[in-house]
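Q: First, the structure itself, so that you have it in front of you.
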Amino acid sequence: MSSQYPTTWRRPPQVLTDRRWRIALQVGLLIYLVLAFGSIDVNWQRVSEGLERGQRFVMGFLQPDFMSRWRDISQGLIESLTMTLTSSVVGVMISVPIGIGAARNLVPRPVYLVCRSIVAVSRSLQEVIVAIFLVAMFGFGPFAGFLTLTFATIGFIAKLLADDIEEIDETQAEAIRATGASWFQLLNYAIQPQVMPRLVGLSLYRLDINFRESAVIGIVGAGGIGATLNTAIDRYEYDSAGAILLIVIAIVMVAEYSSSYLRKFLQ
Amino acid sequence: MLELKSLSKTYRTGDAALTGVSLQVPKGQIIGLIGPSGAGKSTLIRCVNRLVEPSSGEILLGGDNLVTLGRRDLRTQRRRIGMIFQEYSLVERLTVMENVLSGRLGYVPFWRSFLRRFDAVDIQRAYQLLDRVGLLDHANKRADALSGGQRQRVGIARALAQNPELLLVDEPTASLDPKTIRQIMRLLTEICAERNLPAIVNIHDVPLARQFMQRIVGLRAGQVVFDDAPAALSEDALTRIYGAEDWDAMRKSDTEEDESESDTRRDLSEIPA
Amino acid sequence: MSNSSTIPAEWSHRSRVTRLAIWAGWLALVALFVWCWQVMTETTIWAFVWDAPRQAGDIGGRMLPPEWSYLPELMQPLWDTLNIATLGTVGGVVLAVPVSLLAARNTTPSVVVLRPVALFIIVASRSINSLIWALLLVTIIGPGLLAGIIAIALRSIGFVGKLLYEAIEETDPKQIEAIRATGAGPAQVLTYGVVPQVMPALWGISVFRWDINIRESTILGLVGAGGIGLKLNASMAVLAWDQVTVILLLILATVVVSEWISAVIRRAII
């Protein structure tokens, strides 16, 4: 009786239903992988020599040395932390007007376009590349780092703030407009209450990102803990490098937990 | 077939969900488990296949005590027990066929299930079950493309694919419309009759329980307070289970539903047996 | 109706205490800012800062016109950069999957030991930028693509791992319970109950990370980890700013294209 039913079943393809496309994609992928792996030119002798250093790094990470370079480390940390805070504050202050200007539902078209292009420029340039240029202009040290992070903050906050304002509940804005409120009153009564919690959250999030980035831009000379780390690695002092990395990780963890706590507290 | 001996469950929070529940389910009998929400119906059903670990007591399935089993043995016992869920619990992003075949997971080794290489017999049976529940043409559709009633039919087919000796059914019709409810209940009772399968059915709808169940067990605050034929479910008994309530109102809606029943009967005859 | 004397004549937005607290908070922030500013600019040589506009003009003048003839030479490094990003993403995703399974509350085999370890791996990988990983790896295994690929992979573990374990924790427990009830073993519960539910998320996250990795891999060459960053470094070392312009424009174009590809793929998945 059961012989009338088929005895085999194959899962029908879900995404690409055309067999030829599937095969073409698989073959293409295979060719790419072969070519890509072929382009890796590994000097295995160098790698095997490096394994010993790798081991030393792992040991350095497990037994970090905070003390012998403590002066450099603390100097770098202070630079990084002050740079993080000042750039976040200045960055947020600049990005609020730009973010409002980049919201389609609030401003005339020319203002919108100008602000959106500022955002686009800031977002498309890598922090590290910006830092290189600013170091070339302003000299080595945390001031160039401060400018870099401020610049990056503007793109980040202004974009998300503008997107947020564009997504607000229009009926609330309409109700305020209907009372005969001016543009600034509209901003204050209809927009601010709706986006303020988000803005605070974003600023705290950016504070966290800025600290992480401050560890990177030091590598190209923009001061902070990254410069200290760069020196430690150049001198093959893996135990100091391990200590610096552990401090960075610890600060990021603390920042993440406290900012999520703070956001909950503020809402 | 199934015997529960003074089964108790106390959750970690200290809430006693079940206290000293004893129950015997003979072969082929369909038991309706009724009671107010929070009475422990769902916990009781999940204790039987140990999705919830019972705190004390014994669960005997054909003579094997399920409570003392280790992981591996529990797995082989679980496949003897088919389960049907309130909101179908199909894996939404898998095809209907994969959902039915997942009933065989307790029988096949991991790599075969991973590569979807099931035995020819299993596949044939899965098709047969899909035909039985009227979904043969939908085998290659994704589960989330089906309607509620169709999904529950897939759920039934998946449970039957296990070749179970017992069915546990948890509020099978809670998310369906009245017409589909009757179709599903009819299908369930028919299937149990065909295979002489015992079943425990959690059901919150008293008229529905009266109509389709052969025996009714009433739970209140984790204890069995009623265990008899549906005909014996008097107003007194209901008050014992649910507390005081105006049962006449309920009975009125009962007759209304009986009228809709004649419609569904016609629809059901179209489902191939 | 109501007696008008009970209606207060004044109304204020917040209570006195909250207002004071808010003012104190702002004051503290301003003070902190001023202090940080002082500490940060202690070592700043202001002569350089005032000189900056002239410097900027100087560099800007040298950047134009771009030396377009340099473009063909950049194709090989660009190909390397794409490979670093792609292979690094693949490696990162492969490593992130087990980590996220250990980190998700509903799939971890041990909440006390393995889950914190997995969470630490995720945080560690997330806090350290790929450029730092590359810096380390170049000193360990030598300059080249391999260091770049591993650096990108190590950084991707945390990103993919975090988003993936959150997706795993958000899976529908009813579907998993149903698979357990059939008598499936743990590996089968994973492949039938969890995997189908998180697959779209996994693809979306991977493509998203690939897009970010393209950006990051363009600068890894600055520390010697291969790709177009090597050329950028070389051109800057000889102050060939007209070549730098070409490289930056090429990076910009690559980033825009990869962002577009990633957006298209993600839309197709969802």
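FYI, it's all coordinate maths here, none of it is from the lab. Model, not experiment: these values are computed from the prediction. Neighbour counts run over all protein chains shown; Cβ positions are idealised from the backbone, glycine included.
Q: Report the per residue volume, in Å³, of the convex hull enclosing the C-alpha atoms of the stretch B:92-163.
A: Value for the stretch B:92-163: 77 Å³ per residue.
Q: Could you tell me which of the pairs A:264/C:174; B:27/B:179; B:141/C:162; B:5/B:41; B:5/C:174 are separated by over 22 angstrom between their Cα atoms in the structure shown?
A: A:264/C:174; B:27/B:179; B:141/C:162; B:5/C:174
Q: First check a/c for chain B, with a ≥ b ≥ c the square roots of the eigenvalues of its C-alpha gyration tensor; if it is under 1.5, answer rounded, and if not, answer prolate when a/b is larger than b/c or oblate otherwise.
A: It is oblate, given that a/c is not under 1.5 and a/b is not larger than b/c.
Q: Right, another one. For the stretch C:79-159, which trypsin sites (Lys or Arg not before Pro) pass both filters: DSSP loop (anything but H, G, I, E, B) and at most 10 other C-beta atoms within 10 Å?
A: The qualifying sites are C:105.
Q: Quick check: the distance between the Cα centres of the stretch A:105-132 and the stretch A:199-222, to the nearest angstrom?
A: When both Cα centres are located, 18 Å separates them.
Q: With n ≥ 4 as the cut-off for DSSP H runs, can you work out [θ] at 222 nm for chain C, using -39500 (n - 2.57) per run divided by the number of residues, rounded to the nearest 500?
A: Helices in chain C give a 222 nm mean residue ellipticity of -25000 deg cm²/dmol.
Q: Using unit Cβ charges (K, R positive; D, E negative) and no other charged atoms, how large, in debye to the nearest 20, is the dipole of the protein assembly as shown about its Cα centre?
A: Magnitude of the dipole: close to 1180 debye.
Q: So what's the back-of-envelope 222 nm ellipticity for chain A, counting only DSSP H runs of four-plus at -39500 (n - 2.57) apiece and dividing by all residues, rounded to 500?
A: -26000 deg cm²/dmol
Q: What does the stretch A:63-266 give for Rg and for Dmax, in Å, if only its C-alpha atoms count?
A: 19.9, 68
Q: Looking at the protein assembly as shown, what % of its DSSP beta bridges pair antiparallel, to the nearest 5?
A: Given both bridge residues lie in the protein assembly as shown, the antiparallel proportion sits at roughly 55 percent.
Q: Sticking with this structure for a sec: Which residue, C:119, C:263, C:15, has the largest displacement toward the positive end of the dipole of chain C when charges sit on each Cβ (Lys, Arg +1; Asp, Glu -1)?
A: C:15
Q: Once Lys and Arg get +1 and Asp and Glu get -1 on their Cβ, which of B:48, B:70, B:24 lies farthest toward the positive end of the dipole of the stretch B:1-145?
A: B:70
Q: Compute, for chain B, the length of the dipole vector about the Cα centre, with Cβ point charges of +1 (Lys, Arg) and -1 (Asp, Glu) only. Units Debye, rounded to 20.
A: 1540 debye
Q: Averaged over every viewing direction, what's the projected area of the C-alpha convex hull for the protein assembly as shown? Give it in nm², one decimal, please.
A: Approximately 47.5 nm², given one-decimal rounding.
Q: Another one. Looking at A:247, A:54, A:86, which one has the Cα that reaches farthest to the positive end of the dipole of chain A (charges on Cβ: Lys, Arg +1; Asp, Glu -1)?
A: A:54
Q: Something else: List the GluC sites (Glu not before Pro) within the stretch A:160-267 that DSSP assigns to loop and that have no more than 13 neighbouring Cβ atoms inside 10 Å.
A: A:167
Q: What distance in nm separates the two pseudo spin-label positions at residue C:110 and residue C:17, each 7 Å out from Cα along the beta-carbon direction?
A: 4.8 nm
Q: To the nearest 20 debye, what charge dipole does chain A have about its Cα centre, counting +1 at the Cβ of each Lys and Arg and -1 at the Cβ of each Asp and Glu?
A: 760 debye
Q: 222 nm [θ] for chain B, helices only, -39500 (n - 2.57) per DSSP H run of 4+, per residue, to 500?
A: Helix-only estimate at 222 nm: -12000 deg cm²/dmol.
Q: Quote the relative contact order of chain B in percent (integer), defining contacts as alpha-carbon pairs under 8 Å separated by 6+ residues.
A: 27 percent
Q: At what distance in angstrom do the alpha carbon centres of the stretch C:199-270 and the stretch B:1-80 lie from each other?
A: 58 Å
Q: If we count GluC sites (Glu not before Pro) as exposed when they sit in a DSSP loop and have at most 15 other beta carbons within 10 Å, what is the longest stretch of chain B that avoids them all?
A: The longest such stretch corresponds to B:1-244.
Q: Give me the distance in nm between label points sitting 7 Å out from Cα along the Cα-to-Cβ direction at residue A:171 and residue A:258, one decimal.
A: It is 4.1 nm.
Q: Taking only C-alpha pairs under 8 Å that are 6+ residues apart, what is the relative contact order of the stretch C:204-270 in percent?
A: For the stretch C:204-270, the relative contact order is 36 percent.
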